[in-house]
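Novice: First, the structure itself, so that you have it in front of you.
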Amino acid sequence: MTDSPERSFFRPVKVILLVLLALLVYAMALVVWVPAGWVWSQVAPEVHLPPGVRVQQVSGSLWQGAARVELQRHPVRLVWSLSWPDIIALRQPVDFTVETPRSRVQGNLMLGWPSSLVVDASGQVHVAEFEDLIRQSGGALLEGDVVIDRLRVAADDGRLQSATGLGRWPGGQVSWPMGDSRQSTVFPPMQATLADTAQGVLLTIAREGSAEPAADASITLDGMMAIRVYKRMVDLAGQQWPASAAPGDVIFQVQQPLLPGGQF
């Protein structure tokens with residue numbers, strides 16, 4: 001009877017596996033514990049933020065952190081939390097919350113390799129918080145909150161692929177500029193629907209429960225935006241208009257590039 005030769009525990013294959021396991025644990029620890037502020041300081045010079053957007057402070061870790069951002073002089077807090085990545089599909093899910101003192105939007109972001117993203121979000125926006133921006137752009141001021149029931153946006157390689165959503169406003173006082181003064185009236189509850197079209201996306205604004213648009217805005221894939229206001233909007237506002245116009249007639253329209261350079 002012969003004794004079997006002793007085998008060394010640290011065989012080459014085991015050594016390689018142990019090294020790979022150690023590297024994997026080290027990489028995971030980096031993602032979990034590396035300070036988000038340090039990461040931002042490294043990449044900030046290469047990130048070109050839109051005009052009026054400034055990151056003031058970043059805290060926490062890359063895995064779970066927060067950032068204080070200034071958006072057109074309005075303070076915004078961004079909180080994020082990474083989930084375990086989908087290695088097979090090469091996707092990284094991220095839960096996020098964007099909030100101001102009286103507005104809050106939360107959802108999840110799916111980042112795909114190499115340059116795709118899908119955003120699902122819901123929440124509410126307190127319109128009065130952004131009154132100065134609305135006045136500067138000549139827009140209408142709404143009383144109360146706009147509730148975002150659902151919003152889904154998908155993009156790939158910097159180009160918008162699809163966008164769907166539903167928002168509601170419970171009605172109330174609305175004011176808008178008219179010459180050197182402002183006019184106001186009370187509107188009924190309204191809803192906004194975002195849907196895909198063959199050319200891009202279409203945002204439709206209508207009285208809640210109605211399929212007839214009071215206004216709509218279409219955004220094409222080449223970055224052009226067209227806004228149309230129907231006579232139905234004037235009727236909802238209780239304003240006078242020539243009786244010859246039907247509720248579905250377009251009484252105002254404008255078309256212009258949404259972004260400089262035209263494309264998303």
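Novice: Of the residues Pro114, Pro177, Pro170, only one is of a type outside the set (Gly, Ala, Ser) and within 16 Å of Ala192 (Cβ to Cβ); which? Lay out the reasoning, then the answer.
Specialist: Details: Pro114 fails: within 16 Å of Ala192 (Cβ to Cβ); Pro177 fails: within 16 Å of Ala192 (Cβ to Cβ).
When all the criteria are applied, what remains is Pro170.
Novice: Out of curiosity, is Val119 touching a Phe, Trp or Tyr at 6+ places or on another chain (Cβ under 6 Å) and modelled with pLDDT of 95 or more? Don't jump to the end; show me each part of the working.
Specialist: Numbers: touching a Phe, Trp or Tyr at 6+ places or on another chain (Cβ under 6 Å): no; modelled with pLDDT of 95 or more: yes.
Here the answer is no, as Val119 does not meet what is asked.
One line per residue, one yes/no per condition, for (1) under 17 Å from the mean Cα position of the chain (by Cα); (2) more than 14 Å from Trp176 (Cβ to Cβ):
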residue	(1), (2)
Trp113	no, yes
Leu117	yes, yes
Ser122	yes, yes
Glu129	no, yes
Asp132	no, yes
Ser137	no, no
Leu142	no, no
Leu151	yes, yes
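Novice: Limited to segment 70-86, what total is found for residues that are within 14 Å of Phe130 (Cβ to Cβ) and surrounded by 15 or more Cβ atoms within 10 Å (Cβ to Cβ)?
Specialist: Qualifying residue count for the region: 3.
Novice: So, Thr193, is that one without any contact (Cβ under 8 Å) to a residue 24 or more places away in the chain and at negative phi or not?
Specialist: Numbers: without any contact (Cβ under 8 Å) to a residue 24 or more places away in the chain: no; at negative phi: yes.
So Thr193 does not fit the description; no.
Novice: Let me ask you something else. Among the candidates Val43, Val25, single out the residue that is among the β-branched types (Val, Ile, Thr) and at pLDDT 90 or above.
Specialist: Numbers: Val25 fails: at pLDDT 90 or above.
Answer to the selection: Val43.
Novice: Going by the structure shown, is Ala245 surrounded by 14 or more Cβ atoms within 10 Å (Cβ to Cβ), in a strand (DSSP E or B) and small (Gly, Ala, Ser)? Walk me through how you get there before you give the answer.
Specialist: Details: surrounded by 14 or more Cβ atoms within 10 Å (Cβ to Cβ): yes; in a strand (DSSP E or B): no; small (Gly, Ala, Ser): yes.
When the stated conditions are applied, Ala245 does not pass them.
Novice: Which residue pairs have Cβ atoms under 7 Å apart, sit 6 or more places apart or on different chains, and have a first residue in segment 115-143 that is in a helix (DSSP H, G or I) and a second that is among the β-branched types (Val, Ile, Thr)?
Specialist: Cβ pairs passing all conditions: Val127/Val146; Glu129/Thr100.
Novice: Suppose we keep only residues that are touching a Gly at 6+ places or on another chain (Cβ under 7 Å) and modelled with pLDDT under 95 within segment 70-86. Which one would you say is nearest to Val147 (Cα to Cα)? Walk me through it before giving the result.
Specialist: Here is the first cut: in segment 70-86, the residues touching a Gly at 6+ places or on another chain (Cβ under 7 Å) are 71-72, 80.
Subset that is modelled with pLDDT under 95: 71-72.
Details: Leu71: 20, Gln72: 22 Å.
Checking each candidate, the answer is Leu71.
Novice: If you check Met190 against the conditions, is it closer than 21 Å to Ala128 by Cα and open to solvent by less than 60 Å² (accessible area, probe 1.4 Å)? Break it down stepwise before answering.
Specialist: On the way: closer than 21 Å to Ala128 by Cα: yes; open to solvent by less than 60 Å² (accessible area, probe 1.4 Å): yes.
So Met190 fits the description; yes.
Novice: Moving to a separate point now. Criterion first (buried (at least 17 other Cβ atoms within 10 Å of the Cβ), under 25 Å from Ala128 (Cα atoms), over 17 Å from the mean Cα position of the chain (by Cα) and of a type in the set (Ser, Thr, Tyr)) does Thr204 satisfy it? So that I can check it myself, show each step before the final result.
Specialist: Working: buried (at least 17 other Cβ atoms within 10 Å of the Cβ): yes; under 25 Å from Ala128 (Cα atoms): yes; over 17 Å from the mean Cα position of the chain (by Cα): yes; of a type in the set (Ser, Thr, Tyr): yes.
So Thr204 passes the test.
Novice: Continuing with the same structure: With the requirement that a residue be surrounded by 18 or more Cβ atoms within 10 Å (Cβ to Cβ) and in contact with an Asp or Glu (Cβ under 8 Å, 6 or more places away or on another chain), what does segment 152-164 give you?
Specialist: Within segment 152-164, Ala163 is the sole residue that qualifies.
Novice: Still on this structure, please answer the following. Would you say Gly209 is surrounded by fewer than 17 Cβ atoms within 10 Å (Cβ to Cβ), under 24 Å from Arg150 (Cβ atoms) and of a type outside the set (A, V, I, L, M)? Give the steps one after another, and end with the answer.
Specialist: Numbers: surrounded by fewer than 17 Cβ atoms within 10 Å (Cβ to Cβ): yes; under 24 Å from Arg150 (Cβ atoms): yes; of a type outside the set (A, V, I, L, M): yes.
Answer is yes for this residue.
Novice: Could you tell me how many of the residues in segment 45-83 are within 22 Å of His126 (Cβ to Cβ) and either touching a residue at least 60 places away in the same chain (Cβ under 8 Å) or small (Gly, Ala, Ser) (or both)?
Specialist: Looking only at that region, the number is 4.
Novice: Suppose we filter Ala67, Ala89 for residues that are loosely packed, with under 12 Cβ neighbours inside 10 Å, in contact with a strand residue (DSSP E or B) (Cβ under 8 Å, 6 or more places away or on another chain) and either over 26 Å from Asp149 (Cα atoms) or of a type outside the set (Phe, Trp, Tyr) (or both); which single one remains?
Specialist: Numbers: Ala67 fails: loosely packed, with under 12 Cβ neighbours inside 10 Å.
Only one candidate passes the filter, namely Ala89.
The values are calculated or read from the model by the stated rules, or taken from the named source; none is laboratory data. In this text the structure is predicted, and so the values were computed from the model without any measurement. Glycine gets a Cβ as well: all are built from the backbone with ideal geometry, and neighbour counts include every protein chain shown. These accessible areas exclude ligands, DNA and RNA; they are computed on the full protein's heavy atoms, side chains included. Shrake-Rupley method; radii C 1.70, N 1.55, O 1.52, S 1.80 Å.
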